[in-house]
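Asks: Here it is, the structure in full.
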Amino acid sequence: MELSGKVAVVTGGASGIGRALATRFVAERAKAVVVADRDAEGAAAVARQIGDGAHAFTCDVSKEDDVVALIDATESAHGDIDLFCSNAGIGTGGGPEAPNEEWQRIWEINLMAHVYAARALVPKMLERGDGYLLNTASAAGLLSQIGSAPYAVTKHAAVAFAEWLSMTYGDRGIKVSVLCPQGVRTPMLGEAPGALLGPTAIEPEDVADTVVAGLAAEEFLILPHPEVREFFRRKGDDYERWLRGMRRLQARVMGFPEP
């Protein structure tokens, strides 16, 4: 997909990766870019900073009615949505002991928000035989997340849902990509317990560059950290060895006794 002349929506657009995506899409001469976030002031500030072509919308993606309202308002103002970036996400720590409320909240945002968007958009995209869904997951959705079972589980689910969308609709005009970065310098980075950062974290703008290239090539798996592909391959080649390595890494990162 070339972004020039297209209508794009970016959730979680008030900061981090979402902000960088919205900024880059305007620079690519998109017809309209809707910056959606539950932080109304933040979304409005980003839209003002980007300038012509950017529009703010207040949306809590954990609520299906909000997602539907975002889609309806965008279509009413700008026409069919060419690209929907379901980007909003949160992190939390812990394992099975994490409270039900935290599990439910992260499930709603990190997975169900993708479902809500697809539920509203897929029938319309099928009818016209065209459309693009970009779902932000994480390298944790391909590998895992030390220190956070809820994050690892929901990001795995996000990758699986994107796979299903691509398998089911990819030959019917709907294109699907899933974005799986490792460490990115965003507010969430400092909150991630024992995050799988790799040797360095990158800037959100670097992620946006990779996304634009991935969209142009219509790649399913968009990896701002190319080494993730090799880690993923090693996991598939020898799962037991990979798990042993992850236990050693966890011991170093979390301060557990070495296995």
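The values are calculated or read from the model by the stated rules, or taken from the named source; none is laboratory data. Nothing here was measured: the structure is a model prediction, and the numbers come from that model. Every residue, glycine among them, receives a Cβ derived from its backbone with ideal geometry; neighbour counts consider all protein chains shown. For the accessible areas, the whole protein counts, side chains as well, though only heavy atoms, and no ligand, DNA or RNA atoms are used. Shrake-Rupley method; radii C 1.70, N 1.55, O 1.52, S 1.80 Å.
Asks: For the residue pair residue 247 and residue 76, what label-to-label distance in nm results when each label sits 7 Å from Cα along the Cα-to-beta-carbon direction?
Replies: 5.7
Asks: Between the helical axis of 40-50 and the dominant principal axis of the chain, each derived from Cα atoms, what acute angle in degrees is found, rounded to the nearest 10?
Replies: 70
Asks: So how long is each side of the chain along the principal axes, counting just the alpha-carbon atoms, biggest first, in Å?
Replies: 58, 39, 32
Asks: Using only Cα atoms, find the angle between the long axis of helix 64-78 and the longest principal axis of the chain, and express it within 0 to 90 degrees, rounded to the nearest 10.
Replies: Once rounded, the angle reads 40 degrees.
Asks: Apply 1/(1 + (r/R0)^6) to the Cβ-Cβ distance of residue 234 and residue 4, taking R0 = 51 Å, and write down the FRET efficiency to the nearest 0.05.
Replies: Result of the calculation: an efficiency of 0.85.
Asks: Cα-Cα over 24 Å: which of 31/124; 124/175; 31/175; 31/63?
Replies: 31/63
Asks: Right, next: Rg to Rh ratio, segment 117-181, alpha-carbon atoms and Kirkwood radius?
Replies: Numbers: Rg = 13.1 Å, Rh = 12.3 Å.
Using only Cα positions, Rg/Rh for segment 117-181 is 1.07.
Asks: Using the crude model of +1 on Lys and Arg Cβ and -1 on Asp and Glu Cβ, and no other charge, please compute the dipole size for the chain relative to its Cα centre, in debye to 20. Kindly include the intermediate steps, with their values, before the conclusion.
Replies: Numbers: 25 positive and 35 negative charges, 122 e Å.
Here the chain has a charge dipole of around 580 debye.
Asks: Rounded to the nearest 20 debye, what is the charge dipole size of segment 8-96 about its Cα centre when +1 sits on each Lys and Arg Cβ and -1 on each Asp and Glu Cβ?
Replies: Once rounded to the nearest 20, the dipole reads 400 debye.
Asks: Still on this structure, please answer the following. Springs between alpha-carbon atoms under 10 Å, Gaussian network over the chain: tell me which of 152, 22, 216 tops the mean-square fluctuations.
Replies: The residue with the greatest mean-square fluctuation here is 216.
Asks: With every protein chain kept in the model, how would you rank 60, 52 by accessible area, 1.4 Å probe, largest at the top? Working shown, then result.
Replies: Working: 60 25, 52 145 Å².
Output order, biggest surface exposure first: 52, 60.
Asks: Can you work out the FRET efficiency for the pair residue 217 and residue 163, with r the C-beta to C-beta distance and R0 = 25 Å, to the nearest 0.05? Don't skip to the end; give the middle numbers.
Replies: On the way: r = 18 Å, r/R0 = 0.72.
With a Förster radius of 25 Å, E is 0.90.
Asks: Here is a follow-up. Which percent of the accessible heavy-atom area of the chain goes to carbon and sulfur, probe 1.4 angstrom? Intermediate results must be reported in sequence, preceding the final value.
Replies: Numbers: 6060 of 11860 Å².
C and S atoms contribute 51 percent here.
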